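Chemist: This structure is in structure tokens; I'll ask about it shortly.
Each reported figure results from applying straightforward, stated rules to the coordinates on display, with no laboratory input. Treat the numbers as computed from the prediction; the structure is a model and nothing was measured. Note that each Cβ is placed from the backbone with ideal geometry, even for glycine, and that neighbours are counted across all protein chains shown.
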Amino acid sequence: MSAASVESFADTALDPPVRGFVHRPASPSGDGLVFTHGAGGNARGPLLVTLAEAFAGAGFTVLRCDLPFRQARSFGPPRPNEAERDRQGLKNAVAALRQTASGRMFLGGQSYGGRQATMLAAEDPELADGLVLTSYPLHPPGRPDQLRTQHFPNLRTPVLFVEGTRDPFAAPAEIEAALKLIPAKTSLLRMENVGHDLGFRGKSGSSDLAATVLAEFHRFFR
């Protein structure tokens, strides 16, 4: 892998604006990845940074961005009435990254961010060539009857799911059953003995996870 440069990114001409960090590879492949955070995080989270560095090292131009709700407030979860604007923010992020990445475009996120990415792709199948989701929040912890899969039958975009086997938001058998609702091609990468944070706690995590995700990504989307 080649070293990549990282710089702050902002496009305030769009509404919602796009803010975050862009990783520019030393040897760009032309492909791009927009990746965002979960309900309690932001674009500086260690999982996002580690994945962005791995993908940029493989030639991707990567934009890890703050969703509009996080741009408005530095802490706290999103509110139900903000989800549509968060999806528009992701759509704008894809448009912004397309200015520099002319090849395939991928979209994804951790937990809430990944869920919004799937809902956006279900609404606009041409937006991205593939989705990369870490810790999809299939249901609230302890409430397996409240599934967040209503849009899955409308997903026509290939999806790579990365799930910890101890995630209270989605047990292995539950996520396997949910994937059968998606008509597009899917892949499920299980990360053993980790929970919703995939082993990334505080400011640390494992670069092995990023390497594993990248390897499965190349296999699935080749």
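Chemist: If R0 is 45 Å, what FRET efficiency do you get for GLU7 and ARG79 from their C-beta distance, rounded to 0.05? Can you show the working numbers first?
Modeler: Values: r = 31 Å, r/R0 = 0.68.
So, using R0 = 45 Å, E works out to roughly 0.90.
Chemist: Pick from GLN150, GLN110, GLN88: which residue has the top mean-square fluctuation in a GNM of the chain where Cα pairs under 10 Å get a spring?
Modeler: Answer for the Gaussian network model of the chain: GLN150.
Chemist: Now for a separate question. State, to one decimal in nm, how far the label point of PHE220 lies from the label point of ARG44, with both points 7 Å from Cα in the Cβ direction.
Modeler: Label-label distance for PHE220 and ARG44, simple model: 3.0 nm.
Chemist: Follow-up question, since we're still on this one. Work out which helices of the chain, taken as complete DSSP H runs, extend at least 20 Å along their axis over the Cα atoms and score a mean Kyte-Doolittle of 0.5 or more, then list them. Don't jump to the answer; show the numbers that get you there.
Modeler: Details: long enough: 83-97 (21 Å, -0.55); 207-221 (21 Å, 0.63).
Result, helices passing both filters: 207-221.
Chemist: Looking at the chain, I'd like the Rg to Rh ratio, where Rg is from alpha-carbon atoms and Rh is Kirkwood's inverse mean 1/r.
Modeler: Numbers: Rg = 15.8 Å, Rh = 17.1 Å.
On the Cα set of the chain, Rg over Rh gives 0.93.
Chemist: Once you have a ≥ b ≥ c as the square roots of the Cα gyration tensor eigenvalues for region 135-222, tell me rounded if a/c is under 1.5, and otherwise prolate or oblate according to whether a/b is larger than b/c. Intermediate results must be reported in sequence, preceding the final value.
Modeler: Values: a/c = 2.36, a/b = 1.15, b/c = 2.06.
It comes out oblate by the Cα gyration axes.
Chemist: Per-residue counts of other Cβ atoms within 10 Å, averaged by peptide: what ranking do you get for 14-21, 140-147, highest first? Before the final figure, lay out each step's value.
Modeler: On the way: 14-21: 19.2, 140-147: 10.8.
Ranked by mean Cβ neighbours within 10 Å, highest first: 14-21, 140-147.
Chemist: Could you give the length gained by full extension between ASP129 and GLU192, i.e. 0.36 nm per residue of separation minus their alpha carbon distance, to one decimal place?
Modeler: On the way: separation 63, 0.36 × 63 = 22.68 nm, distance 2.77 nm.
Result: 19.9 nm gained on full extension.
Chemist: Considering the Cα positions of region 1-87, please state its Rg to one decimal place and its Dmax as a whole number of Å.
Modeler: 13.4, 41
Chemist: May I ask you to compute the full-extension gain from GLN150 to LEU14, defined as 0.36 nm times their residue separation minus their alpha-carbon distance, rounded to one decimal in nm?
Modeler: Extra length available between GLN150 and LEU14 comes to 46.0 nm.
Chemist: Quick check: net charge around PHE21, other residues with Cβ under 15 Å of its Cβ, Lys/Arg +1 and Asp/Glu -1?
Modeler: Details: positive: ARG19, ARG24, ARG44, ARG64, ARG70; negative: GLU7, ASP11, GLU53, ASP66.
After counting each charged neighbour, the total is +1.
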